Structures are given as C-alpha cells and as structure tokens.
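Following: one structure in structure tokens, then a few remarks.
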Amino acid sequence: MVITVTHGGYVKRTPLAAYRTQRRGGRGRAGMQMKDEDFVTRVFVASTHAPILFFSSSGMVYNTKAWRIPAGDPRTKGRALVNLLPLEQGETITSVMALPEDERDWDKLDVMFATRSGHVRRNKLSDFVQVNRNGKIAMKPDEGDGIVGVQICTEDDDVLLTTANGMCVRFRATDVRVFKGRDSTGVRGVDLREGDRVIGMAVLKHVDVTTDEAAAYFKWDSQSRGDVEAGDDEAPAAGDAVVPFERLAWLKTQEQFILTVASNGLGKRASAYEYRVTNRGGKGLIAHRLTEDAHVVASFPVKEEEELLLVTDKGQLIRTEVDQIRIAGRATQGVILINVGEDEHVVAAERLEALGGENGDAADAESGGK
C-alpha cells in the first residue's frame, strides 16, 4: 500500500497499482484534490499489517497498523490525522516510519533521529515498541526545531544528513552513542551554515573503501559499466595505488546510489562512494549543485529496480523508474525528473520498492510502451 500524508494533516492508504508508471520528465497525473494551502509531504510504501509510527512536531510518537489508515483513491485527500491519532491542538506530524513486520527483528535494531537544526540521537527500537493510545514522548526538541527524519539502523550502518542548501555529511552510526532516555535532542550531526536546515536523513550500509580505491573504481566505471573480470593483467590505478580487479569487482557488488531531488524538478543518482565517511558535526560536502531559486527536497538511497514517486505543491504526481535517471557526479544538478510549471515546486519524493504480486505487476507505462 502507498501511505500518503499531507501538510494539512490528512492521511490515506492507496493500492500501489493505482499509480501508473511514466517516463522521466513527464507532467505527471492529477493527484489529490486539495486546498491551495495543502500539499503532500510524505509518501511511502508499507505492507497492510506493518505497524506505523507517527512522530509529531511536539516530540510525541503514535502507533497504528497500516490497515487502520482509511483507504482512498489517488484523487481523495484521505482522513484528518486528528480523527485518527490523539493529537493536541497545534500538534502536527513531521515524520512517519513503518516498523518491520517481524517483531523478532526489533531487539537487534536501533532508531536514529535527526532534527531540522542538525542534531542526531540513537535509541534502541525497543524504546518505541510499546506506545499507548495517547502516544509516548519520543524527543523534546528545542523551540523552533523539529524532527525531520527517523530511521531504523544497526551498528554497521552509516548515517547521511542532507541540507536544503545542498550540503551533506556522512558518518558512522556508532559515532552517536545509544541514549537511554527520550528527552534529549542528542548530539550535533552537521554544522549548518546560516539559513540552512536539514531536510532528510538516510541510513547507508558501511563499506570500507579508501580514497584511492574509490578514484580507481570511478576511473574504471567511467570507461565501462560492464562486469569486472578478475584475473586480468592490469588494474586501474589512482596515484601510486594499483587496485586489483578482484577488489573492484567486490566494490561493484557493494555499490549504493544516492538519489537527490531539488524543488525545481531536477535530480540525479550518484555513487555512495562519492559521499566519503567523515566525523559527525562537520560542515560536510556538496550534495547537489543548485540554481539560485531551488533547494533540495529529498536525498535517499535507491536501487535500479525501484521506482520514484514525485509530488508537487500543485497536487501533480509522477511515478517513474529509477533506472531512467542518469548516474551523475555528486556535485551536479542532474536531469529533469518532472516538468514543473510556473510557481510550482516539488515538495516530496519517495522511492517505491520493487514489489511482486498484485501491486508490482499492475503498473503500466503511460508513454513509450504497450
């Protein structure tokens, strides 16, 4: 199911098959019928029985099953969250997370929080399993701050924070100690420049790769995207280092790609090897080259077999295949993902996992296919 949450506080679930696949750069299809001041802020896929955690602007967390969320087609706005969750006056939902359906995995996992001001905090997932009907305190953010991302992670993962002004920092999850309490906002994850804010957090698997190895890999990859054959006489070199083809072959199997989307409809995929691991708390690297009037709205890992759902503040939606999006350098603008109109901006982007069965087989291409 596709779970959709709007800025105005409406939620619904819709079968994934209701959103048809389109070519990159299309105009999209009409989505929800909303008031001018409302727009979609969160779109994600979850199984029917998955527990869904809703994190609020006041630092509370609420729990419900996906099947309890009212159903609706793509054109309906859904049901008001205040009629589904016991929200206080002025309290809004800022982050939503689906828990693994298998409860046996919960004890092995942590939860990483990120705030708009660049703070991060790590807790055990078990701290948020038991949530009563009135909710539970998840965090006490400072005035003017709020939760922008909540992700499940392990000690073997890295954390990637991305800012609206196109900067990013990647660090080990273990750089953030496990907090026992739920009151603190944690520790600094990124040193923000004036006027900037964190727009999202992603969890990446950690891969030990040196700068020389990454440079050699990119050199080989720019020449050919075919399979690396082990046992050849020569190997790509970077500086004084020669990297064996066996190592390059392994790096290829471990490679991840980060999709970055800007408000002007431009986006790209970049190799996660370009996002080197540093200490948390730094100013970071360039994540996306922006035009003067644009800002980054989303940044997260994707796979070629997945799809991307983009939503604009005018209610337009487009669903496109990830493998249509060109791989480019980290510090580039990318390509047109959706043609936005005048005074129209992309406000949400979400990856759609490759699904089999009734949802995965029902998607059809709206252009260029039969």
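The values are calculated or read from the model by the stated rules, or taken from the named source; none is laboratory data. All figures in this text were calculated on a predicted structure; none of them were measured in a lab. Methodologically, a virtual Cβ is constructed for each residue, glycine included, from the backbone with ideal geometry; neighbour enumeration extends over all protein chains shown.
Structure above, values below:
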item: Strands (runs of 3 or more DSSP E) lying entirely in the range 1-103 (those with 1 or more residues that are modelled with pLDDT under 75); result: 40-45
item: Odd one out for Ala354 among (1) in a loop (DSSP other than H, G, I, E, B); (2) within 18 Å of the chain's Cα centre (by Cα); (3) aliphatic (A, V, I, L, M); (4) modelled with pLDDT of 70 or more; result: (4)
item: The range 131-144 residues that are under 20 Å from Thr185 (Cβ atoms), paired with ones that are of a type in the set (Lys, Arg) (beta carbon under 6 Å, 6 or more apart); result: Ile137/Arg182; Ala138/Arg182
item: Flag for Lys65 being assigned by TED's automatic domain parsing to the domain that holds Lys314, over 19 Å from Phe179 (Cβ atoms) and basic (Lys, Arg); result: yes
item: Thr260 being surrounded by 22 or more Cβ atoms within 10 Å (Cβ to Cβ) and within 14 Å of Thr163 (Cβ to Cβ); result: yes
item: Residue in the range 159-178 that is of a type in the set (Gly, Ala, Ser), in contact with a Leu (Cβ under 7 Å, 6 or more places away or on another chain) and at pLDDT 95 or above present; result: yes
item: Leading residue by the ranking (surrounded by the fewest Cβ atoms within 10 Å (Cβ to Cβ)) among those in the range 272-288 that are touching a helix residue (DSSP H, G or I) at 6+ places or on another chain (Cβ under 9 Å) and either in a loop (DSSP other than H, G, I, E, B) or of a type in the set (Phe, Trp, Tyr) (or both); result: Asn279
item: Close pairs (9 angstrom Cβ cut-off, 6 or more residues apart or separate chains): more than 21 Å from Gln324 (Cβ to Cβ) in the range 338-356, buried (at least 23 other Cβ atoms within 10 Å of the Cβ) and at pLDDT below 85 anywhere; result: Val347/Val40
item: Residues of the range 149-190 satisfying the condition of being hydroxyl-bearing (Ser, Thr, Tyr) and touching a strand residue (DSSP E or B) at 6+ places or on another chain (Cβ under 6 Å); result: Thr162, Thr163, Thr185
item: Selected residue (only one of Glu155, Glu213 is at pLDDT 90 or above, of a type in the set (D, E, K, R) and in contact with a Ser or Thr (Cβ under 9 Å, 6 or more places away or on another chain)); result: Glu155
item: Failed item, numbered, when Cys168 is tested on (1) hydrophobic (A, V, I, L, M, F, W, C); (2) within 14 Å of the chain's Cα centre (by Cα); (3) in a loop (DSSP other than H, G, I, E, B); result: (3)
